Every structure is written in structure tokens, then in C-alpha cells.
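Asks: There's a structure below that I have some questions on.
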Amino acid sequence: METDIAVSITYKERGTIKNIFFELPDKFDAIPKSMEFYHRLKAVVKNAKLNNGHYTSFQFSPVIFSYKALATYEEKYFKTDIVDNGPTRLRFEIKGYDRNQVGEKQ
């Protein structure tokens with residue numbers, strides 16, 4: 001069964017959602033609580049709210065070659081080091097919800 005819905009969002013401040021409204025577009029009425037679709041939407045929104053801010057760390061370590069050596073450097077989420085007097089390894093950490101968000105290819 002296909003169902004079209006209209007979605008509108010109000011914000012408390014920029015980037016902070018206050019309300020999300022799901023409506024039937026032909027009537028612009030709220031989706032009836034008796035519809036299974038209503039309960040599915042409610043579960044999806046609840047799950048999204050529970051996962052908000054729960055990030056996973058992903059670490060990447062590509063090796064790059066350059067004509068001039070890069071200096072060794074280290075910060076909290078980024079590090080460079082020279083590999084066997086040759087190429088430079090970049091090590092960095094990215095936080096995200098999943099592999100898709102950080103762009104990691106499996």
C-alpha cells in the first residue's frame with residue numbers, strides 16, 4: 001500500500017527541530033492514530049530521537065607520497081607520521097552515526 005504524506009517542520013532555533021508534522025496531503029489533516037502508518041512513523045521518530053548524539057568513531061589511515069616530506073604532527077583527531085623514511089601516513093578519526101554517514105566504503 002502506498003501512502004503520500006506531507007511533512008512540515010518547525011524549528012526552535014536554527015538546526016534544532018521543535019516539531020515534525022505528518023499529514024495526509026489531500027486533506028492536510030493529521031494522520032489518524034488508527035492507521036498502522038501512524039504507529040510506524042511514531043516508532044521511526046522515537047528511534048531517531050533515541051540515537052541522537054550517539055556517534056561511533058571511525059579511523060582512517062591513508063598513505064600519501066609527496067616530493068617533500070611532511071613533518072610529524074599530532075592532535076586529538078589527526079596525526080601524520082613518516083613510514084620507513086618514505087611516504088607519510090595520515091591518521092584521522094571521524095565521528096558519525098554509521099559508515100554511510102562518514103563515507104567509508106566497505
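Asks: Could you state the number of Å between the C-alpha centres of segment 2-24 and segment 44-106?
Replies: Taking the Cα centre of segment 2-24 as reference, the centre of segment 44-106 is 33 Å away.
Asks: Summarise the accessible area of the chain (1.4 Å probe, protein heavy atoms) by the percent that is carbon and sulfur.
Replies: Numbers: 4760 of 9270 Å².
Reported share for carbon and sulfur atoms: 51 percent.
Asks: Moving on. Here is the link list: LYS49/LYS76; LYS12/LYS33; LYS12/LYS49. Which ones come out longer than 18 Å on Cα distance? Intermediate results must be reported in sequence, preceding the final value.
Replies: Working: LYS49/LYS76 28 Å; LYS12/LYS33 26 Å; LYS12/LYS49 16 Å.
Listed pairs above 18 Å: LYS49/LYS76; LYS12/LYS33.
Asks: I'd like the orientation of helix 36-51 relative to the chain: the angle between its Cα long axis and the longest Cα principal axis, in ° from 0 to 90, rounded to 10.
Replies: Around 30 degrees separate the two axes.
Asks: Rounded to a whole number, what is D in µm²/s for the chain from Stokes-Einstein with the Kirkwood radius over alpha-carbon pairs (25 °C, 0.890 mPa s)? Walk me through the numbers on the way to the answer.
Replies: Working: Rh = 18.3 Å.
Reported coefficient: 134 µm²/s.
Asks: Can you give the calculated 222 nm mean residue ellipticity of the chain, where each DSSP H run of n ≥ 4 adds -39,500 (n - 2.57) and the sum is split over every residue, rounded to the nearest 500 deg cm²/dmol?
Replies: Numbers: 2 runs with 20 residues, N = 106.
The helix contribution divided over the chain gives -5500 deg cm²/dmol.
Asks: Another question, if that's okay. Using the Cα centre as the reference, give the magnitude of the dipole from point charges on the C-beta atoms of the chain (Lys, Arg: +1; Asp, Glu: -1; all else neutral), rounded to the nearest 20 debye. Before the final figure, lay out each step's value.
Replies: Details: 17 positive and 14 negative charges, 67 e Å.
Once rounded to the nearest 20, the dipole reads 320 debye.
Asks: Treating the beta-carbon of each Lys and Arg as +1 and of each Asp and Glu as -1, no other charges, what is the dipole magnitude of segment 1-62 about its Cα centre, to the nearest 20 debye? Don't skip to the answer; put the middle values down first.
Replies: Working: 9 positive and 7 negative charges, 84 e Å.
About 400 debye.
The values are calculated or read from the model by the stated rules, or taken from the named source; none is laboratory data. If you're wondering where the values come from, they're calculated on a predicted model, not measured in any experiment. Cβ: placed from backbone, ideal geometry, glycine included. Neighbour counts: every protein chain shown. What goes into the accessible areas is simple: the full protein's heavy atoms, side chains included, and nothing from ligands, DNA or RNA. Shrake-Rupley method; radii C 1.70, N 1.55, O 1.52, S 1.80 Å.
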